[in-house]
């Protein structure tokens, strides 16, 4: 079993270190981190790759065990065939990267009104985007106190992927106040944008 010591590493380094080992074909990994954000990011990434994930808190860190189930070539081929078939009917992926809790430059008060109006209009206009990524002060829009929570929940219930940067939530100390969507990391953000056909920065 390969051990990865990611203690003291900032996002997205723990995930990237895990990815490198997974790309190298490692079936069993133990990733050691020292904070909850890294634990959540690595665990989420491991689940996404199909690993069985187990987390154990120890005195010297958080140990995340990733064990991959063996998948036969036939199963892989079948999964790829199904994915290809589905992708043929998929519409282009598009979404928005929202980097602030205000829209435009100038008056902050006006900017907040405009952002509220933008998200409301987005929730009332189809087709919906595939994803909304919230960064920097934009994460305040997904936390308690935001006037856009209902609009975002409407979008999420319709299948829109809504994610907020974990590092940003930690910076503003509002991670425990997240009300809509999930916590993500920079690797997942980059991957989502790279896989999209159109990502607009707001």
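The table for this structure:
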read-out	value
Between helix 108-123 and the chain: long-axis angle, C-alpha atoms, 0 to 90°, nearest 10	70 degrees
Helical contribution to [θ] at 222 nm, DSSP H n ≥ 4, -39,500 (n - 2.57), averaged over the chain, rounded to 500	-12500 deg cm²/dmol
Neighbour-count order for 184, 125, fewest beta carbons within 10 angstrom listed first	125, 184
With Cα atoms, 0 to 90° folded angle of helix 36-49 axis to the chain main axis	70 degrees
Rel. contact order, % - alpha carbon contacts under 8 angstrom, at least six apart, the chain	19 percent
Bridge type composition, the chain - antiparallel percent by DSSP, nearest 5	45 percent
Region 124-202: antiparallel DSSP beta bridges as a percent of all, rounded to 5	10 percent
Burial ranking of peptide ranges 162-172, 131-141 (average Cβ count within 10 Å, highest at the top)	131-141, 162-172
Acute angle (nearest 10 degrees) that the helix 73-87 long axis makes with the longest principal axis of the chain, alpha-carbon atoms	10 degrees
Entry for Rg and Dmax of the Cα atoms in Å (calculated from the structure that is shown) out of [x] 18.9, 59; [y] 16.0, 53; [z] 17.0, 67	[x]
Protection-proxy order for peptides 112-118, 102-108, 53-59, each taking the mean of Cβ atoms within 10 Å per residue, highest first	112-118, 102-108, 53-59
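The numbers here are math on the coordinates, done by the rules we state, and not lab data. From a predicted model like this one, the values you see are computed outputs, not experimental measurements. For neighbour counting, all protein chains shown are included, and Cβ atoms are generated from backbone atoms with ideal geometry for every residue, glycine included.
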